[in-house]
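Engineer: One structure, pasted below without further comment.
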There are 2 protein chains.
Amino acid sequence: MNSNTLTNENLLWIEGLKFNARGLIAAIAQDERDGTVLMMAWMNRESILRTLETGEAHYWSRSRAELWHKGATSGNVQKVKQFLYDCDRDTILIKVEQVGNVACHTGARSCFFNLVSIDPG
Amino acid sequence: MNSNTLTNENLLWIEGLKFNARGLIAAIAQDERDGTVLMMAWMNRESILRTLETGEAHYWSRSRAELWHKGATSGNVQKVKQFLYDCDRDTILIKVEQVGNVACHTGARSCFFNLVSIDPG
């Protein structure tokens, strides 16, 4: 979506989202190819707009308190193929092409690599 | 995992999680069969313990301010097959068997049914 198409009218849904007290909403990034959940981060209004305008995932870095164009430094950008939000409008799900096949700052493909053993009785 | 195996030793990782100011941590539920992201909710320490003890997803209901055994009323429980957490220890990912194939209170399979159109320029 280029910026020309981001009219006030078609952005009304953004105002319907439930941002938290810090103006943020949780955003889950999922690999569009095989469904792997890659990471969870936070977006504010600006990062949502930048994501839609550029087609690449932008978050809000809570630690650096700044707009975060994912992969701007590493090259591992996330090309957004689908943008969804949930029933109660407080979580975003983006389905992405993960360039470089690495989403995590540790070099792992997915941030979810810590497995807790479960042994259902 | 039955409660006998929840020793202090193997629960140390819980204390390493980063709960927010309200004692909560985000938890994503994903269908273990096909990778569909079903919902995002919140867990506190008690709901994590109950999830591990019972093998069924327990969350913390922020609206009702109470422990929430997902599906206790509807029968659509989530049987937890994998329990993971992420690199910075502030998000949980559970891979579940969604009984009834419905996770959302609206009757939808997944809570993420609102699609925002993207037309990458």
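Engineer: Based on this model, can you work out whether A:F19 counts as facing chain B (nearest Cβ under 10 Å), among the aromatic types (F, W, Y) and more than 26 Å from A:N114 (Cα to Cα)? Full working, then the answer.
Structural biologist: Working: facing chain B (nearest Cβ under 10 Å): no; among the aromatic types (F, W, Y): yes; more than 26 Å from A:N114 (Cα to Cα): yes.
So A:F19 fails the test.
Engineer: Any residue at all in the range B:26-38 that's surrounded by fewer than 17 Cβ atoms within 10 Å (Cβ to Cβ), closer than 20 Å to A:I118 by Cα, touching a strand residue (DSSP E or B) at 6+ places or on another chain (Cβ under 6 Å) and modelled with pLDDT of 95 or more? Can you show your working first?
Structural biologist: Going residue by residue through the range B:26-38, those that are surrounded by fewer than 17 Cβ atoms within 10 Å (Cβ to Cβ) are B:33-35.
Subset that is closer than 20 Å to A:I118 by Cα: B:33, B:35.
When the remaining residues are screened for being touching a strand residue (DSSP E or B) at 6+ places or on another chain (Cβ under 6 Å), the result is none.
For the range B:26-38, residues surrounded by fewer than 17 Cβ atoms within 10 Å (Cβ to Cβ), closer than 20 Å to A:I118 by Cα, touching a strand residue (DSSP E or B) at 6+ places or on another chain (Cβ under 6 Å) and modelled with pLDDT of 95 or more: absent.
Engineer: A:R89 - would you say it is assigned to a loop (DSSP other than H, G, I, E, B) and at the interface with chain B (Cβ under 9 Å from one of its Cβ atoms)?
Structural biologist: Values: assigned to a loop (DSSP other than H, G, I, E, B): yes; at the interface with chain B (Cβ under 9 Å from one of its Cβ atoms): yes.
In short, yes.
Engineer: Further question: Residues to consider are A:E53, A:E15; find the one that is surrounded by 14 or more Cβ atoms within 10 Å (Cβ to Cβ) and at pLDDT below 95. Before you say what the answer is, go through the steps one by one.
Structural biologist: On the way: A:E15 fails: surrounded by 14 or more Cβ atoms within 10 Å (Cβ to Cβ).
Just one listed residue meets the conditions, A:E53.
Engineer: Could you give every pair whose Cβ atoms fall below 7 Å, whose first residue belongs to the range A:51-66 and is among the β-branched types (V, I, T), and whose second residue is in a loop (DSSP other than H, G, I, E, B) and surrounded by 13 or more Cβ atoms within 10 Å (Cβ to Cβ), counting only separations of at least 6 or pairs across chains?
Structural biologist: A:T51/A:A57
Engineer: Is there a residue being within 19 Å of A:V37 (Cα to Cα), at the interface with chain A (Cβ under 9 Å from one of its Cβ atoms) and either part of a strand (DSSP E or B) or not aliphatic (A, V, I, L, M) (or both) anywhere in the range B:114-121?
Structural biologist: Narrowing the range B:114-121 to residues within 19 Å of A:V37 (Cα to Cα): B:114-115.
From what's left, at the interface with chain A (Cβ under 9 Å from one of its Cβ atoms): B:114-115.
Subsequent filtering for residues that are either part of a strand (DSSP E or B) or not aliphatic (A, V, I, L, M) (or both) retains B:114-115.
Within the range B:114-121, one or more residues are within 19 Å of A:V37 (Cα to Cα), at the interface with chain A (Cβ under 9 Å from one of its Cβ atoms) and either part of a strand (DSSP E or B) or not aliphatic (A, V, I, L, M) (or both).
Engineer: Identify the single condition in (1) crowded, with 20+ Cβ neighbours inside 10 Å; (2) within 25 Å of A:E32 (Cα to Cα); (3) of a type in the set (A, V, I, L, M) that B:L84 does not satisfy, given that it satisfies every other one.
Structural biologist: For B:L84, the failing item is (1).
Engineer: In this structure, is B:I48 among the aliphatic types (A, V, I, L, M) and under 26 Å from A:S61 (Cα atoms)? Walk me through it before giving the result.
Structural biologist: Values: among the aliphatic types (A, V, I, L, M): yes; under 26 Å from A:S61 (Cα atoms): no.
Judged against the criteria, B:I48 is not a match.
Engineer: So is A:D34 part of a loop (DSSP other than H, G, I, E, B) and in contact (Cβ under 8 Å) with a residue 60 or more places away in the chain or not? If you could, list the steps in order and put the result at the bottom.
Structural biologist: On the way: part of a loop (DSSP other than H, G, I, E, B): yes; in contact (Cβ under 8 Å) with a residue 60 or more places away in the chain: no.
No.
Engineer: Can you name the number of the only condition in (1) outside any loop (DSSP other than H, G, I, E, B); (2) more than 10 Å from chain A (Cβ to nearest Cβ); (3) closer than 23 Å to A:I92 by Cβ that B:L49 fails?
Structural biologist: Only one criterion in (1) outside any loop (DSSP other than H, G, I, E, B); (2) more than 10 Å from chain A (Cβ to nearest Cβ); (3) closer than 23 Å to A:I92 by Cβ is unmet by B:L49, namely (3).
Engineer: Now for a different question. May I ask you to verify whether A:E97 is acidic (D, E), within 22 Å of B:A26 (Cβ to Cβ) and not in a loop (DSSP other than H, G, I, E, B)?
Structural biologist: Values: acidic (D, E): yes; within 22 Å of B:A26 (Cβ to Cβ): no; not in a loop (DSSP other than H, G, I, E, B): yes.
When the stated conditions are applied, A:E97 does not pass them.
Engineer: Now a separate question. Just the residues that are assigned to a loop (DSSP other than H, G, I, E, B) and more than 7 Å from chain A (Cβ to nearest Cβ), please, taken from the range B:65-86.
Structural biologist: Result: B:A65, B:K70, B:G71, B:A72, B:T73, B:S74, B:G75, B:N76, B:V77.
Yes or no, residue by residue, for (1) within 30 Å of B:S63 (Cβ to Cβ); (2) surrounded by 14 or more Cβ atoms within 10 Å (Cβ to Cβ):
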| position | (1), (2) |
| --- | --- |
| A:L67 | no, yes |
| A:G71 | no, yes |
| A:S74 | no, no |
| A:D88 | yes, yes |
| A:K95 | yes, yes |
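The values are calculated or read from the model by the stated rules, or taken from the named source; none is laboratory data. What you see is a predicted model, and the numbers here were worked out from it, not measured in a lab. Positions of Cβ are backbone-derived with ideal geometry, glycine not excepted, and every protein chain shown enters the neighbour counts.
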